[in-house]
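Take a look at the structure below.
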Amino acid sequence: LGSSSETGLTLSDSSTCDVKRPQFGTRILTDPRQVFQHNAWDNVEWTGEQEAAAKKKVLENSLPLPPEKQEEYDSRANEYWNGFYTIHENRFFKDRHWLFTEFPELAPQCSLNHESHPGASGAVESQQNSQDREQSGEHAALSHTDGDFPGSSATYRILEVGCGVGNTVFPILKTNNDPGLFVYCCDFSSTAVELVKSNPEYDPGRCYAFVHDLSDVEANYPIPDGTLDVIVLIFVLSALHPKKMQASISRLARLLKPGGVMLLRDYGRYDMAQLRFKKGRCLSENFYVRGDGTQVYFFTQDELHELFTQAKLEKVQNLVDRRLQVNRGKQLTMYRVWIQCKYRQAPV
């Protein structure tokens, strides 16, 4: 649900804590003549003309498809996503190593203090310490699946919703060697989940992958309410019908512990991908169907804030990332708009 071209990020080959990738917002274009010096520029301000042109383009292609066609795409969504993963398997996406810079909550031994290692400070652990943790991790992994539910004995639990083929999950498992960690991941597509489970890096002692329809609020998660530290949604919420978003987020929010966080990165209004849609692809306002039948919505910050606060979550971060991507070979510029959010369950 988000390729490396969509996320527009320079991906590091290393996934260790000592490699620091600058956060968004640090590469600013001050001299337009330098535009082709880098692959991307952060926080690019749009001119009034640019904004007006984007609105005009969206309006031109905003005539919605007939209701019966809209219903067909919605009812066959599972089929379209299975088809997508059958065609692309694991070739479409790149692992998202930028995650740990933007969302340090996913690598707690690097940046957070919690009960399984109170002294973590972001410093790289000594070799001896790492070996001790690996050994204790092996022991902890064996017991993680004991009890009432997978990961019941874990001390830090992360759920990724809409995991695709695991391009977030596997970097987390590789980067985060916390013996108390357990990662859950689910996807609407059974094809995607099978690809995750068949990956040689899939470890059932540390991870549990399952098929789940985020929009089906009657379907139970295999995790009790109030037990998750982190929920991750990356280019996933935008694939739901807008009418199903609030109930889906509210249901997810109940899974969080007090103080637990929901992390989101998704498409912003007037992103290049929205402006590229031709006539006959609009389902409803700012909601479209791609050529392969999968659907996508383009958000504003206010819309996402409303969804999270209605789910009784508190804002930690809600920022828009206006990014200028550059194809230096073809001398092309492309304007991307993404929104990044962190909202948390109120601490006790």
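Just a few scattered comments:
- Summing Lys and Arg as +1 and Asp and Glu as -1 over all other residues whose Cβ lies under 13 Å from the Cβ of HIS212 gives a net charge of -4.
- Label-point separation in nm, PHE149 to ASN220, each point 7 Å along Cα→Cβ: 0.9
- Report note on the peptides 168-181, 217-230: ranked by the mean count of other C-beta atoms within 10 Å, highest first, their order is 168-181, 217-230.
- Cross-link partners of LYS197 among lysines (Cα-Cα below 29 Å; sequence separation of 8 or more within a chain): LYS94, LYS174, LYS244, LYS257, LYS342
- Summed residue charge, Cβ within 11 Å of VAL289's Cβ, Lys/Arg positive, Asp/Glu negative: +1
- Looking at the range 186-337 alone, DSSP beta bridges between its own residues are antiparallel in about 55 percent of cases.
Where a number appears in this text, it was derived from the coordinates with a stated rule and is not lab data. For clarity, every value in this text was computed on a predicted model and none was experimentally measured. No Cβ is skipped: glycine too gets one built from the backbone with ideal geometry, and neighbour counts run over all protein chains shown.
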